[in-house]
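A short write-up of the structure that comes next.
The values are calculated or read from the model by the stated rules, or taken from the named source; none is laboratory data. Everything quoted here is computed from the prediction, not taken from an experiment. In this analysis, Cβ positions are derived from the backbone assuming ideal geometry, glycine residues included, and neighbour counts consider all displayed protein chains.
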Amino acid sequence: MAAGRPAPLGFAVHGRIGAFAMGGSGVTLARLAAAPRGQEALRLEIREDVAALHRHWSELEQRCADCTIFQTADWCLAWVEAAREAGVVERPRIVAIWRGSRLVLLWPLAIRTLSMFRILHALAEPATQYGDVLVDEDEDRAALVEMAWRAVRAMRDVDAIELRRVRNGSQLAGLRDLIAHGVDRSRESAPLVDFHLLAATPAEAQRTSRTRNALRRHERLLAEQGPVGFEILARPQEQCEALAEAFALKREWQKEKATISAGYAHGASDGSLLRLARDGHLFVARLRVGERTAALEIGAIRQRRYWSLVQSYDLRFAKHAPGRLLFWHLLAKCPELAIDVFDFLAPATRHKLEWSNAETGIRDYLVPVSLRGRVAVSYLTMVKPRLRGLYGRLPPGLRQRLGLLVRGLS
């Protein structure tokens, strides 16, 4: 334990966490063992109301250098409010540990129903790209995560726990109990551009001369259709308009490719990002050809790290690689934008790997909590992947018609 950190308290839960009727405040308390002399006691709560925690949650984020955008109060609140407006049921289950009046751990989770099964997962799935927990850096972080995990495992109204895209080296990845529950074939990586590794070398210098020449050729060919321009959209209204256009372009692309995306199909997807844009929490870049949009990039910056959330391009310009050109210009701007790490997120597709100089490993975990949960885990790990594989081999027209059915299998 680091010097000066408060000693962790024993985890003594009285009563059955999870087998409860949430009160009007949506709070369930677990009393922890008494605090040593001179230290404030720990208190564990399981809450439903995201908004009520917002101030303390935001303060905790500032004490977590490894906090991703996906565990922030703004991200989760935007999702919950967008789901409510879209008429989509979202059941938050927030695990919070307090030391006195100071929030020291927060784990944003939610429950979804899959047939007869109740699955606990990261709040804002499927939009959330990294599953993790926020823990105060002044605490014994591993001990607090273990306390939170015991509380989660004790929830009697949950059949299975699904933790997706857990990063190697993250707080959750350190849970010994998870080792036996890793999902086979779920190992992936998220490509990054780590500008610390580049030192004084510009990002473009990583590209081969052949790649640079190809990009310049694409830009010259695009310029035959109108002046090519790169711009960053800073005003919320501009960003909201660009988001609406990006979603439309993405859906045209999905229609063309006869593919589906659980993230884009979710009723809260559009609304949550629009809320974040209106509140000034997003970053938007655009590549133009004349007055027409060729490509759009939507992401978020936090603590000098960038997460690439949405990329879309106009199919009319596809043969000239507008998405690659947009990344080319944006990565060159990153030092000016105070971005030290550009995270493309998983999966590690070719159009991301050509720019990256590092990767973060991720893995999914599925933990059965009940007998029914064992059935749910078997479905999610064996049956669902096979159904998706069969779907991918269908003719494009049939895939489009079956898209809604496939989304319902998640």
Looking only at the range 158-189, and only at residues there that are modelled with pLDDT under 95 and acidic (D, E), the one that is farthest from Q62 (Cα to Cα)
D184
Surrounded by 14 or more Cβ atoms within 10 Å (Cβ to Cβ), modelled with pLDDT under 80 and not assigned by TED's automatic domain parsing to the domain that holds R176, is that true of Y379?
no
Could you tell me whether R275 is under 27 Å from H320 (Cβ atoms) and buried (at least 20 other Cβ atoms within 10 Å of the Cβ)?
no
Please indicate, with yes or no, whether at least one residue in the range 195-214 is surrounded by 15 or more Cβ atoms within 10 Å (Cβ to Cβ) and under 24 Å from the mean Cα position of the chain (by Cα).
yes
Which numbered condition trips up R176, out of (1) surrounded by fewer than 16 Cβ atoms within 10 Å (Cβ to Cβ); (2) farther than 30 Å from I161 by Cβ; (3) without any contact (Cβ under 8 Å) to a residue 40 or more places away in the chain?
(2)
Out of the residues in the range 116-144 that are in a helix (DSSP H, G or I) and surrounded by fewer than 22 Cβ atoms within 10 Å (Cβ to Cβ), which is farthest from the chain's Cα centre (by Cα)?
A143
Starting from the range 319-344, take each residue that is not assigned by TED's automatic domain parsing to the domain that holds F195 and at pLDDT 95 or above and list its partners that are surrounded by fewer than 22 Cβ atoms within 10 Å (Cβ to Cβ) and not in a loop (DSSP other than H, G, I, E, B), counting only C-beta distances under 6 angstrom and pairs at least six apart or across chains.
none
Scanning the range 43-76 residue by residue, the ones that are in contact (Cβ under 8 Å) with a residue 60 or more places away in the chain and more than 20 Å from the chain's Cα centre (by Cα) total 2
Give just the number: which of (1) more than 26 Å from the chain's Cα centre (by Cα); (2) in a strand (DSSP E or B); (3) not assigned by TED's automatic domain parsing to the domain that holds F327 does R165 not satisfy?
(1)
Exactly one of V152, V158 is surrounded by 16 or more Cβ atoms within 10 Å (Cβ to Cβ), β-branched (V, I, T) and part of a loop (DSSP other than H, G, I, E, B), and that one is V158
Against the definition (touching a helix residue (DSSP H, G or I) at 6+ places or on another chain (Cβ under 7 Å), part of a helix (DSSP H, G or I), modelled with pLDDT of 95 or more and not assigned by TED's automatic domain parsing to the domain that holds Q303), how does W57 come out, yes or no?
yes
The range 175-186 - residue that is touching an Asp or Glu at 6+ places or on another chain (Cβ under 9 Å) and assigned to a helix (DSSP H, G or I) and, of those, nearest to C64 (Cα to Cα):
R176
Here are A65, A96, A52: which of them is farther than 24 Å from S170 by Cα, in the same structural domain as T128 (by TED's automatic domain parsing) and out of contact with any Gly (no Cβ under 6 Å at 6 or more places or on another chain)?
A52
